[in-house]
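Undergrad: Sharing a structure with you now.
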Amino acid sequence: MQYQDYFRHRLSQLRDEGNYRVFIDLERHCGAFPGAKQFGPNGQRDVTIWCSNDYLGMGQHKDVLAAMHGALDQCGAGAGGTRNIAGTTHHHVLLEQELADLHGKESALLFTSGYVSNWAALGTLASQIPDCIVFSDSLNHASMIEGIRHSRAAKVIWNHNDVADLEAKLAAAPKDAPKLIAFESVYSMDGDIAPIREICDLADKYGAMTYLDEVHAVGLYGPRGGGIAEREGLMDRITVIEGTLGKAFGVVGGYIAASDELCDFVRSFASGFIFTTALPPAVAAGAAASVRHLKGSSGERDLQKTRVAQLRARLDAIGIPHIPNPSHIIPVMVGDPVKCKFISDTLLDEYGIYIQPINYPTVPKGTERLRITPSPVHTEADLDHLVTALGALWQQCQMAQIPVAAE
């Protein structure tokens, strides 16, 4: 086999389909986010980022930066290895305590990313509990799917957010079989929210554990940023809450929060925890500072809600279609990969606006979109510039017979 020819052929196919991913070389401006510098063949220029998952701008917050500088000076750069071999730094212990408190759980367990926490925790629980059946929402994140697949446990996929379908499948399963219902709170591409209360009711009825991925909700919802489950008063009914430190908390890492026994069980059996170098102490310190700040401050959340509402209203006013979900994620629907990339490229090249196109396989073919995430650090002037640019491009596409999604 001519391996390099094969690689080139497959990459060429991606380009022809409009699904080839181009990474933009950016440097975020510390203290001035969403401003960033783009590096390209023609030099450098300033751009504004509208698609970051640093939802509240906490990656730039003075308390987070101060905590990271302090820990770096105190502990050095790395953790020195796995927590099993190199030891657990005190900053990891403090962060896990903050996260357990955030979610009203006895314990929390840190991982190197949200992806790893899902893969390791779901994979371990489903594989180690004898005869476990996992009931997985059809739109669950790739990390959840991979964890379930890795476990080799029996799995049943239920229709997205469809509690009637979930109940039918729970009822059809053996009554005495251990069951685990895995789902998300906020789904990151469409921005819809799971019916958590109804799912918990079914879990109680059929003797199932619940595993809730709150990565796109922690920091953003609830009086202390505990997520949708906190906002709805349901955290005590969830067996495992999984979250990330790399989105609204502005740093990097993942975690689960649950009972003492469950966290210890995952700690003791999960290869994705046991054999992975721990997060640097400075990262743990910065994340802890972010969690503490957002527990006591609603200002960032309130202003983000305002910016989201403002942008939705302005898009409606000029007829640009977007999914009217109840979350902070605004998917502007284009419906074609080539057109989506054209709009994204032109926004960047002509207007200095960075919004990465979302194409297959992240979303199904025919649902390509621009995924916009307004934040409290976007100004009203930023909003004006974005809406003006999008309006001009939408009209340009229609006049040039490059149709985009109808309203």
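Undergrad: Using the basic label-point model (7 angstrom from Cα toward the beta carbon), what is the ALA77 to ASP162 distance in nanometres?
TA: Output for this residue pair reads 5.1 nm.
Undergrad: Turning to a different aspect of this structure: Percent of accessible area on the chain owned by carbon and sulfur, 1.4 Å probe?
TA: C and S atoms contribute 53 percent here.
Undergrad: In whole Hz and in residue order, list the ³J(HN,Hα) couplings for the range 253-261 that follow from phi through the Karplus curve 6.51 cos²θ - 1.76 cosθ + 1.60, θ = phi - 60°; x for Gly and Pro.
TA: My calculation for the range 253-261 gives x, x, 6, 10, 10, 6, 6, 4, 5 Hz in order.
Undergrad: Evaluate the distance, in nm, between pseudo-label points positioned 7 Å from the Cα of ALA142 and of LYS205 along their respective Cα→Cβ axes.
TA: Taking the two extended label points, one gets 3.5 nm.
Undergrad: Extending each Cα 7 Å along its Cβ direction at ALA171 and GLU27, get the distance between those two points in nm, one decimal.
TA: Result for the modelled spin labels: 6.2 nm.
Undergrad: Please give every one of the aspartates and glutamates within straight-line cross-link reach of LYS339, meaning a C-alpha to C-alpha distance under 12 Å, and leave out same-chain neighbours fewer than 8 residues apart.
TA: List returned: GLU17, GLU368.
Undergrad: Defining a contact as two alpha carbons under 8 Å apart and six or more residues distant in sequence, what relative contact order in percent does the range 107-263 show?
TA: 27
Undergrad: Any idea what the dipole of the chain comes to, in debye rounded to 20, about its Cα centre with Lys/Arg Cβ at +1 and Asp/Glu Cβ at -1?
TA: That gives a dipole near 500 debye.
Undergrad: Moving to a separate point now. Could you sort out which of LYS37/LYS365; LYS105/LYS305; LYS305/LYS341 sit more than 30 Å apart by Cα distance in this structure?
TA: From the list (LYS37/LYS365; LYS105/LYS305; LYS305/LYS341), the Cα-Cα distance tops 30 Å for LYS37/LYS365.
Undergrad: Continuing with this model, one more query. Per residue of the range 358-366, in order, report the coupling 6.51 cos²θ - 1.76 cosθ + 1.60 (Karplus, θ = phi - 60°) as ³J(HN,Hα) in whole Hz, putting x for Gly and Pro.
TA: Each residue's phi maps through the Karplus curve to give 10, 10, 4, x, 4, 10, x, 4, x Hz.
Undergrad: Determine which lysines satisfy two conditions relative to LYS175: a Cα distance under 25 Å, and not lying fewer than 8 residues away in the same chain.
TA: Once the sequence-local lysines are set aside, what remains near LYS175 is LYS155, LYS205.
Undergrad: Here's another thing I want to ask about it. Where Lys and Arg each count +1 and Asp and Glu each count -1, what net charge lies around ARG292 among other residues with Cβ under 9 Å from its Cβ?
TA: -1
Undergrad: How much mean residue ellipticity at 222 nm does the chain get from its helices, if each DSSP H run of length 4 or more adds -39500 (n - 2.57) and you divide by all residues, to the nearest 500 deg cm²/dmol?
TA: The per-residue figure over the chain is -13500 deg cm²/dmol.
Undergrad: While we're here: Where the eigenvalues come from the Cα gyration tensor of the chain, what are the semi-axes √(5λ) of the equivalent ellipsoid, largest first, in whole Å?
TA: 35, 27, 22
Undergrad: Right, here's the next one. Can you compute the label reach from LEU94? Point 7 Å from Cα along the Cβ direction, backbone N cut-off under 14 Å, restricted to the range 40-78.
TA: Once the point is set 7 Å along Cα→Cβ of LEU94, 63-76 turn out to lie under 14 Å by backbone N, inside the range 40-78.
Undergrad: Give me the compactness ratio for the range 263-320, meaning the Cα radius of gyration over 2.2 N^0.38 Å.
TA: For the range 263-320, the normalised Cα radius of gyration is 1.93.
Undergrad: Considering only protein heavy atoms, with the full assembly of protein chains and a 1.4 angstrom probe, order HIS216, HIS141 by accessible area, largest first.
TA: Greatest to least solvent exposure: HIS141, HIS216.
Undergrad: Work out, step by step, the length gained on full extension between LEU11 and ARG149: first 0.36 nm times the residue separation, then minus their alpha carbon distance; give nm to one decimal.
TA: 47.0 nm
The values are calculated or read from the model by the stated rules, or taken from the named source; none is laboratory data. All values reported here derive from a predicted model rather than from experimental measurement. Reconstructed Cβ throughout: ideal geometry from the backbone, glycine too, with neighbour counts over all protein chains shown. Each accessible area value is taken on the protein alone, full model and side chains, heavy atoms only, with ligands, DNA and RNA left out. Shrake-Rupley method; radii C 1.70, N 1.55, O 1.52, S 1.80 Å.
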